[in-house]
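Presented below is the structure to which this report refers.
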Amino acid sequence: MDHTYDDQNIFAKILRGEIPNATVLETEHSLAFNDISPQAPAHVLVIPKGPYVCFDHFAAAASDAEIADFTRAVGEVCRLAGVAADGYRLIANAGRDGVQDVPHLHVHVLGGRRLGRMLSPVS
């Protein structure tokens with residue numbers, strides 16, 4: 001998979017302040033904001049502030065401080081969104097087959113209702 005970062009993607013523009021967002025949490029290395037098209041009562045996106053395309057790119061290229069901050073930010077968003085007690089789903093799509101729409105690593109934190117099965121069994 002190509003890990004060339006496109007600095008014109010919508011999340012890069014949000015990070016630069018060119019597009020507004022409904023911030024849930026901001027840390028030194030991460031930003032979390034409500035999804036504009038929520039798929040559950042709680043639907044928050046968590047992104048690293050660095051130029052990472054997907055999770056494997058982030059895991060290979062990010063600093064230890066960025067990785068720790070991002071991981072803790074995801075956990076804190078679960079608490080802030082009120083989904084930690086009853087359950088939640090984390091989704092990070094990557095590449096064409098993963099149906100990644102924005103080429104900037106982002107984790108969807110979804111919860112607030114029973115979410116059902118994630119995928120159908122392979123036949």
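Since every read-out is calculated from the coordinates, none of them should be taken as a lab result. Please read these numbers as outputs of a predicted model, since none were measured by experiment. Cβ: placed from backbone, ideal geometry, glycine included. Neighbour counts: every protein chain shown.
Loop-located trypsin sites (Lys or Arg not before Pro) across region 1-89 with a Cβ neighbour count of 13 or fewer within 10 Å are Arg16, with loop assigned by DSSP. The local environment of Val83, defined by Cβ-Cβ distances under 13 Å, has a net charge of +2 under the rule Lys, Arg +1 and Asp, Glu -1.
The slack in the chain from Arg79 to Ile19, taken as 0.36 nm per residue of separation less the alpha-carbon distance, amounts to 19.0 nm.
Size of the chain from its Cα atoms: along the principal axes, largest to smallest, the extents are 38, 35, 28 Å. Full extension of the chain segment joining Asp6 with Leu90 gains 27.9 nm, where the gain is 0.36 nm per residue of separation less the Cα-Cα distance.
Between the alpha-carbon centres of region 47-95 and region 1-31 there is a gap of 13 Å.
Note on the chain: helix-only mean residue ellipticity at 222 nm, from DSSP H runs of 4+ residues weighted -39500 (n - 2.57) and normalised by residue number, equals -7000 deg cm²/dmol. Taking the charge dipole of the chain about its Cα centre, with +1 at Lys and Arg Cβ atoms and -1 at Asp and Glu Cβ atoms, the residue from Ala12, Val53, His108 reaching farthest to the positive side is His108.
Please compute the net charge surrounding Asn9, taking Lys and Arg as +1 and Asp and Glu as -1 over other residues with Cβ under 14 Å from its Cβ.
Details: positive: Lys13, Arg16, Lys49; negative: Asp2, Asp6, Asp7, Glu18, Asp101.
After counting each charged neighbour, the total is -2.
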